[in-house]
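*Asks:* What follows is a structure written as structure tokens; I'll ask about it next.
Bear in mind these aren't lab numbers, they're just calculated from the coordinates by the rules spelled out. If you're wondering where the values come from, they're calculated on a predicted model, not measured in any experiment. For neighbour counting, all protein chains shown are included, and Cβ atoms are generated from backbone atoms with ideal geometry for every residue, glycine included.
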Amino acid sequence: MSEGKRELWITWAGLGLTLAATALFAREGVGILLDRLAAGEVGPIIEQAVFLALCAGIFWGSFVYLLCRRGYFKRLEAHRPASADELEAFLLDAPPVAFLLPSYKEDPEVVRQAILSCALQEYPRRRVTLLIDDPCDPRTPEDAAGLAAARALPARIQAQLDQEAERYRAARDAFEARRAAGPLELDRERGLLAHLHDEAAAWFEGQAAAHPGRAHTDRLYVDQVLLARAARHRAQAARLRVEGTATAADLARGHALLAARFAVELGSFERKRYANLSHEPNKAMNLNSYLELIGKDLREARRRDGLHLVPTDPERATLRVPDATYVVTLDADSILLPDYAARLVHVMEQRGNERVAVVQTPYSAVPGATSLVERVAGATTDMQYLIHQGFTHYDATFWVGANAVLRRAALQDIRVEVVDDRGVRVAKFIQDLTVIEDTESTIDLVERGWRLLNYPARLSYSATPPDFGALLIQRRRWANGGLLILPKLLGLLVRDPLRPGAAAMAFMRAHYLLSLALVNVGYLALLFWPFEASIRSPWLPLTALPYFLLYGRDLVRQGYRWLDLPRVYALNLMLVVVNLGGVLKSLEQAVTGALLPFQRTPKVEGRTAAPAGYVLAQVGLLAFCLAAGPLALAAGNHAHAAFSLLNAVVFAYVLCRFMGLAASVEDVRLGLGPAVVSARAGVARRVRSARLRRAAVASAVGPVEA
């Protein structure tokens, strides 16, 4: 039996046990509710109803995970990747692809790796554009230096690659000339092409040896982008020499692909230079501004309100943006493996996939992290990879914006025009009404009959925040928006309840949007309110047992350890207040109607300070658990006492290992320092004001006797 089939049987067993335990728990819980209804006790009725609702939300998540696990292994069993020969034949006439990298004040070395992972794709017709979103008028020397470095980076890489490209282009042209002149000496031609592959391998090996970085992200780049490519070229050279079977057509194809290896067009674009383009501070509008320009000839025009970029004739164009059938979007801290574009565009071009709008490989965490927070948070990222692959089995895929191949025809289908706050009419392909623009755009695409796919292979990696402060910003942003998008999904279901995939949308996609609110609110409710009569049910832990066992099993399958399972639980507890902060931001936007700013995940040397309120919330939860445990024990609520004391241990671990006691104290001091200074200044101002008033009164009425 294959591994996939074995895991499918294990998943079915987990589903069966979960279903049985849930049914027995529901029978018991509903029985308690009916008894309380018969007794007419309003308070206990509400308590039991709330408890059952909270448990239903938790059970929903368990079933989603187990079903996604089933879908993941079903897809893995059925997956048959295209062979090297199939890809080579496809690439000879592959459609053009535009790679877009949004960037805002990024580390130049991080961006350089991302650009090169795109520029060195094994895909012939590609253009890579760095979308620089830094302010065009930097206020500090550091910002000016960063902007200058970002602007210079594409040209530096272009010059480096052009030198290599010319060598293989000349070799291809010379081969074609010999081929046209008469019969080829095939053994000699095989040797010449093998030598060229050796030269290409030597170039990649030289780049790897000269790479300055030693962090785990650098190791991934060197191993998977540079040395893996060198090994491929060495292997091709060996095959040409040993097998000796390559025909003239094979050699022609080999020269063509080798000539395309370094032939790439790189550039940069800054939307904020132009008054007639959006200046909204978010990634979506940075992408939208450039997407609207693809396939157009443009020129700069100076007008009263500033510089404009306007369509023009090809003869007068100062900026020509080539057309592209597909667009690859990539975060600036991400890395693509060499065959990412070839495999994903090949899938798009297959018969039957004409209505596929997005194909992606949900990104994996960069392996080898030294920070405990980064490693455990990376584990949750890798588990999300499994879940998203399962979503595709049920046709419930969500676009995950760190990387994706997008069909331009689909983007045009969801294009709208709006007038922004500055009175400028701008095009939107990707909505920016929330800070999770990829999730919202998924619903737009589905509404218009488009599909989304996850390719079942790990072809992309992204950095995970290395400390609590940076992770807080990322995860709070992820938690902000699901509640705002839910009405759009529900509206789609109401308008067309019988549409294909409606059940999966209701079950999978709705949970994806609601899960962070449901789980975190449910956890706090269970922590703060002693649902003693129900929490003692022996069936309750059994409903969760298959989920935890299979989650741990999947962690181990992906290179982690069973010990990381309780660490993931601890990380999730640490993120309860963070996720609720994002949920509250959604509610704030729903009430006020004001768009909230897009807060980018910091990528800085050293540690990102966390807001004092979030640090104090962790301390407060620890203190509450320490107090609630003994009180519940004294009251005879043994189950709630055990739950509280267990979570006290977890929060103590969070403070000591994930956040760090010294770092937490420093963050609180930094966060409260300005408030204390402001309060002291306010008191001093009031004292001075009172003294001045007394002095004014004294000067007006004369001295007052004691």
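*Asks:* Work out the charge dipole of the chain with +1 on the Cβ of Lys and Arg and -1 on the Cβ of Asp and Glu about the Cα centre, then indicate which of Q618, C68, A235 is farthest towards its positive end.
*Replies:* Q618
*Asks:* To the nearest 0.05, how large is the calculated FRET efficiency for R178 and L661 if R₀ is 60 Å and r is the Cβ-Cβ distance? Could the numbers behind the result be given before it?
*Replies:* Numbers: r = 72 Å, r/R0 = 1.20.
Efficiency, from the Cβ-Cβ distance: 0.25.
*Asks:* Explain nothing, just the number: relative contact order of the range 398-495, from Cα pairs under 8 Å at least 6 residues apart, as a whole percent.
*Replies:* Over the range 398-495, the number comes to 27 percent.
*Asks:* Quick one: if you stick a label point 7 Å off each Cα along the C-beta vector at V556 and L307, how many nm between them?
*Replies:* Output for this residue pair reads 5.9 nm.
*Asks:* What FRET efficiency would be calculated for the residue pair R351, T592, taking the C-beta separation as r and a Förster radius of 51 Å, to the nearest 0.05? Don't skip to the answer; put the middle values down first.
*Replies:* Values: r = 48 Å, r/R0 = 0.95.
Using R0 = 51 Å, I get an efficiency of 0.60.
*Asks:* Taking amide H atoms as placed 1.01 Å from N in the peptide plane, list the residues 5 or more away in sequence, or in a different chain, whose amide H sits under 5 Å from that of W399.
*Replies:* T442
*Asks:* So, one more: Please report, in debye to the nearest 20, how large the charge dipole of the chain is about its Cα centre when each Lys and Arg carries +1 at its beta carbon and each Asp and Glu carries -1 there.
*Replies:* 1040 debye
*Asks:* Hey, another quick one. Considering only DSSP beta bridges where both residues belong to the chain, give the percentage that are antiparallel (nearest 5). Walk me through the intermediate numbers first.
*Replies:* Numbers: 22 of 44 bridges.
Antiparallel: roughly 50 percent of the beta bridges in the chain.
*Asks:* Scan around L453 for amide H atoms under 5 Å from its own, H built in the peptide plane at 1.01 Å from N, and keep only partners 5 or more places away or cross-chain.
*Replies:* V358, V359, Q360
*Asks:* Moving to a separate point now. Using 7 Å Cα-to-Cβ label points, what is the R499/L584 separation (nm, one decimal)?
*Replies:* According to this spin-label approximation, the distance is 3.5 nm.
*Asks:* Could you pull out the pairs from K105/K428; K105/K488; K428/K488 whose alpha carbons sit more than 22 Å apart here?
*Replies:* Correct reply: K105/K428; K105/K488.
*Asks:* Determine the relative contact order of the range 232-370: mean sequence separation of Cα pairs under 8 Å and six or more apart, normalised by residue count, in whole percent. Show your work: numbers first, answer last.
*Replies:* Details: 93 pairs, mean separation 18.0, N = 139.
For the range 232-370, the relative contact order is 13 percent.
*Asks:* Okay, moving on. Would you kindly state how much longer the chain becomes between V424 and A409 on full extension, computed as 0.36 nm times their sequence separation minus their alpha carbon distance, in nm to one decimal?
*Replies:* In short, 2.9 nm is gained.
*Asks:* Taking other Cβ within 10 Å of each residue's Cβ, how do F651, F63 sort, fewest first?
*Replies:* So the residues, fewest neighbours to most, are F63, F651.
*Asks:* Once whole DSSP H runs in the chain are found, which of them have Cα atoms spread over 27 Å or more along the helix axis and a mean Kyte-Doolittle score of at least -1.0?
*Replies:* Span-like helices in the chain: 3-39, 42-78, 141-181, 186-210, 372-393, 539-557, 612-634, 661-701.
*Asks:* Now for a separate question. Among T325, P311, I10, whose Cα lies farthest out toward the positive end of the dipole of the chain, if unit charges sit on the beta carbon of Lys, Arg (+1) and Asp, Glu (-1)?
*Replies:* Comparing the listed Cα positions along the dipole, P311 ranks first.
*Asks:* When the helices in the chain are scored as -39500 (n - 2.57) per DSSP H run of 4 or longer and the sum is shared across all residues, what 222 nm value do you end up with, to the nearest 500 deg cm²/dmol? Write down the numbers at each step before the final one.
*Replies:* Numbers: 24 runs with 428 residues, N = 706.
The helix contribution divided over the chain gives -20500 deg cm²/dmol.
*Asks:* From Cα pairs below 8 angstrom and at least 6 apart in sequence, can you work out the relative contact order of the chain, rounded to a whole percent? Don't skip to the end; give the middle numbers.
*Replies:* Values: 1035 pairs, mean separation 112.7, N = 706.
Computed value for the chain: 16 percent relative contact order.
*Asks:* Within 10 Å, count the other beta carbons around each residue, average over each peptide in 199-207, 554-562, and list them highest first. Could the numbers behind the result be given before it?
*Replies:* Working: 199-207: 18.0, 554-562: 14.9.
Ranked from most to least packed, the peptides come out as 199-207, 554-562.
*Asks:* Applying a 10 Å radius around every beta-carbon, put 391-398, 627-634 in order of their mean neighbour count, most first.
*Replies:* Ranking, from highest mean packing down: 391-398, 627-634.
*Asks:* Now for a different question. Among (1) 43, 31, 25; (2) 50, 36, 25; (3) 43, 35, 22, only one was calculated for this model; which label is it, if the read-out is semi-axes √(5λ) of the Cα gyration tensor in Å?
*Replies:* (2)
*Asks:* Related question: Need the C-alpha centroid separation for the range 137-186 versus the range 39-88, integer Å.
*Replies:* Cα centroid of the range 137-186 versus Cα centroid of the range 39-88: 48 Å apart.
*Asks:* Want the number for R320 to D223: 0.36 nm per residue separation, take away the alpha-carbon distance, what's left?
*Replies:* Full extension from R320 to D223 adds 31.4 nm.
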